[in-house]
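Here the structure is laid out as structure tokens; the discussion comes afterwards.
The values are calculated or read from the model by the stated rules, or taken from the named source; none is laboratory data. Only a predicted model underlies this, so the values are computations on that prediction, with no experimental measurement involved. Using ideal geometry, Cβ is built from the backbone for each residue, glycine included, and neighbour counts are taken over all protein chains shown. For the accessible areas, the whole protein counts, side chains as well, though only heavy atoms, and no ligand, DNA or RNA atoms are used. Shrake-Rupley method; radii C 1.70, N 1.55, O 1.52, S 1.80 Å.
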Amino acid sequence: FPVTIMSQYEKNKNSGGGKSFEEKDFSKYFNPRLEDGEKNGEVTIRLMPTKEGASPFEEGYFHVMQVNGQWRKLYCREHNDGDTCPLCEVEKALKATGSEEDKKIAKTYKAGKFYLVRVIDRSKEEDGVKIWRFRHNYKGEGELDKMIPLFTKKGNLADGREGRDLTLMLGRGDKNNTKITSIMAEDPSMLTENKEKAKAWVKDTMSWKEIYKASPVEYLEIIANGENPVWDKKLEKFVAKGEETVKKETSTTSAKYKAPAVEDEADDDDEMPF
């Protein structure tokens, strides 16, 4: 199987721990989850082949924070594009104070590493190529950790002609959220025997950045300032929620927002693209 996948895995395993974004085609997001009342289940996918043996697992960074009472994964402009990110600026400011308390708070602003891979959901092939986003697990217990042994033993799972479908076994976590408990590789098979589907899927050059777009800067600035953003129809931009905004103080910086430092957030069920 591609050496690039193993080198990527080893490197990461050993590393330290406008309004338009409301208008989304949710058919392009692959988010395995159980329905209410289900305790377990399964879903089968196929990793899309890549050019020249590149790893199918691209890396992206997102800030996981609570916004208006809900967990959100916010695109990091600094790590993904080299631009200024208001949330990263707060992290740096907190670290610079020298306060141990501020260092702890800074961790809640830190952008986390995620993997993004193009897949076909076998139960919804009519949707075409989807993007599956999942978190890098520093404990070695994540989705990629479950797939690496399969690549090692079975070869290139993403190969268009001799790859394998993957069955994701789903269960409930401690917070009743959907968890992938195990991943199994099926027998070797073609991506599809339907020539029209094959052409459409392979020609689809959709990037994960087209799906998980960056939030407007003013949206992130409002969050960085400890406030909740709302869309103002008259101004046609995001503004801080008025009197309902809850401001929380940090020790020595101007930032007011504290996101709880939780290692295993229930946001794995978050379907939102931002």
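Does residue 197 satisfy the condition of being closer than 14 Å to residue 46 by Cα, open to solvent by 40 Å² or more (accessible area, probe 1.4 Å), over 17 Å from the mean Cα position of the chain (by Cα) and modelled with pLDDT of 95 or more?
Taking the combined requirement at face value, the residue satisfies it.
So, residue 159, is that one within 16 Å of residue 55 (Cβ to Cβ) and open to solvent by 50 Å² or more (accessible area, probe 1.4 Å) or not?
So residue 159 passes the test.
Which numbered condition in (1) over 17 Å from residue 62 (Cα atoms); (2) open to solvent by less than 60 Å² (accessible area, probe 1.4 Å); (3) out of contact with any helix residue (DSSP H, G or I) (no Cβ under 6 Å at 6 or more places or on another chain); (4) at pLDDT below 50 is the only one that residue 249 fails?
(2) is the only condition that residue 249 fails.
Looking at (1) at pLDDT below 95; (2) part of a strand (DSSP E or B); (3) more than 22 Å from residue 218 (Cβ to Cβ), find the lone condition where residue 27 falls short.
(2)
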